[in-house]
Structure formats: structure tokens, C-alpha cells
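These notes are about the structure you will find just below.
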Amino acid sequence: MSGSSIVGFAVGGARLASGLGQVLALDPAEAAARNARIRLLTEQRRDRRAALEAALACAADERERQAQRLITARVDAATAAAALASAGLPPDPALEAPPAGPAAEAWCLGLRPAAEAWCLGLTAAVAAALDRARAATVQVAGAHLAAALSALDDGRVVAAAEVVGPAGPAPTRGALAAVTRMLASLDPRAGQADRGLVEAAAGAAAGRADNAGQLTELRLRIQTANENVARRRDDAVVAAQLLDAVEPYPGGGGLDPRRLAHVRQALAEVVAGRRALDDEVLDEVARLREQTEAVASAATVADAVADALGDLGYLVGPDFSVGTAAAGMLEVSHPAQPDHLVRMRVDADRRQLVALVYRQGAGEEAAKADAEAEAAWCGDLDRAIRQLSESGLVLTPVLLRAPGSRPTPVVAGRAEERTESRHKQRTNQRTER
């Protein structure tokens with residue numbers, strides 16, 4: 001080793017989960033599950049069905065699957081309620097979700113009985129609401145077409161109850177009846193633009209006796225509209241999952257508050273159906289996850305190194321914090337080397353720990369003492385790295401300089417402030433918990 005060192009690190013598994021829990025102020029299992037959900041939904045988005053199945057299959061445990069199921073149910077209930085409102089129908093109380101409790105409490109305890117019962121009964125409630133909205137929409141569309149084509153006598157106006165009944169569309173005759181029957185297959189959650197295209201095609205088909213081409217066009221437009229509904233619903237479910245997963249992300253600690261707010265707003269717009277879940281949004285969410293994991297990794301490494309050095313008799317200064325490459329600093333000293341200290345900077349972005357030995361005070365330069373202090377530090381750092389490696393945390397030397405190869409920098413001494421090792425402080429904190 002050397003007096004000046006750069007050591008790379010990689011953190012995963014339980015250590016990363018612990019770091020994420022510390023950064024996000026959550027239970028480590030929940031923090032890891034939320035970030036795993038973000039990773040799955042962003043990296044596998046292009047195969048949407050596979051991504052959702054993988055997210056469910058790889059969820060941390062049943063509580064995470066319950067949370068995802070509740071989020072999906074809320075999206076489906078909201079879109080069904082919007083379809084009722086668009087059709088001019090009163091709201092359905094069965095679509096109203098139970099009040100949501102605190103996110104952390106809901107995750108730890110699982111779904112409450114009321115929420116579980118609501119989720120179980122929601123599929124039937126959504127289907128019934130969409131059937132009512134569809135019948136009302138067809139009835140209005142049929143009336144409009146009949147009024148516009150009142151001069152035609154080659155067909156009859158078909159009531160919505162005849163077209164959309166318990167057994168599905170009933171057989172009818174005439175151009176207007178055929179168009180009305182086809183309109184019954186339009187998803188009532190279709191957007192206004194798609195609905196306008198369908199209505200235009202329906203008007204063209206109902207106004208001609210030789211309307212095979214127009215009926216084909218109408219069928220294609222209905223198919224496109226329904227596919228768009230499915231895509232928007234899929235986007236909304238994934239966006240709602242991501243929005244829930246990033247909910248505990250702090251607007252600081254290495255994250256840009258404005259970028260975080262922008263991502264949350266974009267995801268909310270996707271849930272509301274006002275924008276698509278495009279690669280730009282997914283890439284931003286993925287970058288936030290990567291930054292959060294980098295900060296968590298840096299915090300985990302700094303704490304582990306401080307504990308390992310504490311076991312070797314080092315005292316850790318109170319001015320330690322995890323931040324950017326310019327601010328994150330860990331300062332240690334050893335009673336056997338009272339005239340020297342070591343400063344280590346945790347670089348979260350580069351995943352590196354940079355260490356350098358300093359001489360305290362502005363006394364005369366003592367090259368031999370500096371080299372001895374650097375050599376002692378190198379040996380202790382080697383022992384700390386081996387100790388951490390045995391516990392599963394691997395530190396890889398990146399840049400090594402031999403002791404005495406460069407002049408030792410000088411800092412003002414503050415040894416009196418390092419009165420207790422960080423290891424003991426953290427042990428007391430764990431005991432208090």
C-alpha cells in the first residue's frame with residue numbers, strides 16, 4: 001500500500017439494502033424492494049408483459065406483491081370511474097378505494113382487511129362499470145346517428161339494451177344497426193381523439209348501403225382505440241408502481257430536488273393519462289435509482305471502513321459526512337501517531353474511497369517521521385481491507401503511492417476533537433435501537 005491511496009468499492013446484497021435503508025429512512029428490505037422494482041420496470045420496459053410478471057415474481061416478498069396489486073387496482077378503479085363520468089353516469093361507490101395509510105406502515109403490515117377485500121371485489125366492479133359506460137355511450141352514439149340519418153329507411157334504430165345485453169350484442173339488420181353493434185365493442189375508456197375518429201368512421205358507414213369498406217375502416221379504428229386504451233392502462237400501472245417506489249426518495253443527499261420533482265410530475269401525468277411512459281421518463285427514473293444506490297453504497301463503505309479502523313484503535317473525527325467528491329470526508333487518527341492523521345474522501349459517483357496521510361501542525365518537516373506514519377497507515381489499511389473482505393465487502397486498490405514518495409501535506413491539528421472512536425459511537429447507536 002502507500003501513503004496516498006485510491007480504493008475502488010462495490011456494494012451489493014444485504015449491505016446495499018442496509019445503505020438504502022439508511023439513505024431513504026426505511027426498513028432495509030423495503031428500500032431494497034422499491035429499488036429492485038424500479039430496476040425491473042425500467043430495464044425490462046420494452047417487453048411490458050414480461051416486465052410486470054418479472055416484477056411480481058422477483059418481488060421481495062408477499063407484502064411487496066400486495067402493494068403492487070393495490071396500486072394496480074387503484075389505477076383500474078380510477079380509469080373505470082373516469083369512463084362513467086365521461087358517459088354522464090353517476091359514480092360507483094364500489095370503485096372508491098379505502099383510505100390509504102402511511103406507506104411504510106402499509107408495506108410492513110401488508111394490505112389491511114378492507115383494502116384486501118376491495119381488491120378482491122374490484123375486478124367485477126370495474127367490469128360492471130365499463131359495461132354501463134359502454135351501454136350509455138352506444139345509446140348516445142346511436143341516437144346521434146339516427147338523428148343525422150333520419151331520411152334513411154333501410155335500417156332501424158336499435159336501442160342500447162338490444163345491442164349490449166347480458167349475452168352480448170344481439171343480431172340486428174340494417175346499416176345503422178350494424179354500426180351501432182360495432183360501436184358496442186369500443187372501450188368506454190377511449191380517449192377523445194380516438195373517439196372522434198371512431199364516430200367519424202361510424203357516420204360514414206351508417207350513411208351508405210354499400211358500406212363494406214367503411215365498416216372495415218370503422219373496425220380498424222375501434223381496434224386502434226382499444227389498443228391505445230390498453231397501452232395507456234399499462235403505462236399508468238407501471239408509472240404508478242414507479243411513483244410509489246420513489247416516494248421516499250429524499251430531495252437531497254446527492255439527488256437533485258428539481259430533477260426528482262420533474263420525475264414525480266412526469267409519472268403523475270402518465271398515471272393520469274396525459275402523457276406516454278416514454279424512454280425519457282424511464283431513463284430519468286433509472287438514473288435516480290442509480291444515484292440513490294451510489295449514495296447508499298458510499299455510506300455503507302464509509303461506515304464499514306470507520307468500524308474496521310475503530311477495531312484497529314483509530315479515532316474517527318466528528319466531521320464525517322457522505323456527499324459529493326468535494327464534500328464527503330472521513331478523518332481518522334491513531335494514538336500511536338499523534339502528529340499525523342488520515343483523511344478519506346468517499347466519492348459516490350466513482351465508487352472510490354480516496355485516502356491521504358497528513359501531518360498535523362506547521363512544524364518543521366520530518367521526512368522520516370512522515371514516511372513511518374504513512375507506512376503504518378498502509379499496514380493498517382491492508383488489515384482493514386482484509387477484515388472487510390472477510391465480511392463480504394470487497395475494496396480494490398486503484399492507485400498506490402509508496403510511503404515517502406511525495407511530501408506529506410500539512411493541516412492544522414484537531415486531535416482533541418477525536419475523543420471517541422466512531423466504532424464505539426455506532427455500537428452505542430445500534431444498542432439504543
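Since every read-out is calculated from the coordinates, none of them should be taken as a lab result. All values reported here derive from a predicted model rather than from experimental measurement. So basically every Cβ, Gly included, is an ideal-geometry build from the backbone, and we count neighbours across all protein chains shown.
Net length available on complete extension from ALA261 to THR123 is 46.4 nm, with 0.36 nm assigned per residue and the Cα-Cα distance removed. Listed peptides 298-306, 282-290, 192-200, 17-25 appear in the order 298-306, 17-25, 282-290, 192-200 once ranked by packing, highest mean of other Cβ atoms within 10 Å at the front. Each of ASP339 and VAL411 was given a label point 7 Å from its Cα along the Cα-to-Cβ line. The distance between the two points is 1.8 nm. The protection proxy used here, the mean number of other Cβ atoms lying within 10 Å of each residue, ranks peptides 78-86, 178-186 as follows, highest first: 178-186, 78-86.
Tell me, how many Å apart are the Cα centres for segment 182-200 and for segment 270-303? The distance from the Cα centre of segment 182-200 to that of segment 270-303 comes to 36 Å.
Distant-in-sequence amide contacts of LEU26, defined by a placed amide H-H separation under 5 Å and a gap of 5 or more residues or a different chain, comprise nothing. Length available on full extension from ARG231 to ASP279: 0.36 nm per residue minus the Cα-Cα distance, which gives 15.8 nm. Each label point was placed 7 Å from the Cα along the Cα-to-Cβ direction; for ALA200 and ASP382 their separation is 7.9 nm. Along segment 187-201 the Karplus relation, 6.51 cos²θ - 1.76 cosθ + 1.60 evaluated at θ = phi - 60°, assigns HN-Hα couplings of 5, x, 8, 4, x, 4, 5, 5, 5, x, 5, 5, 5, 5, 5 Hz to successive residues, with x for each Gly and Pro.
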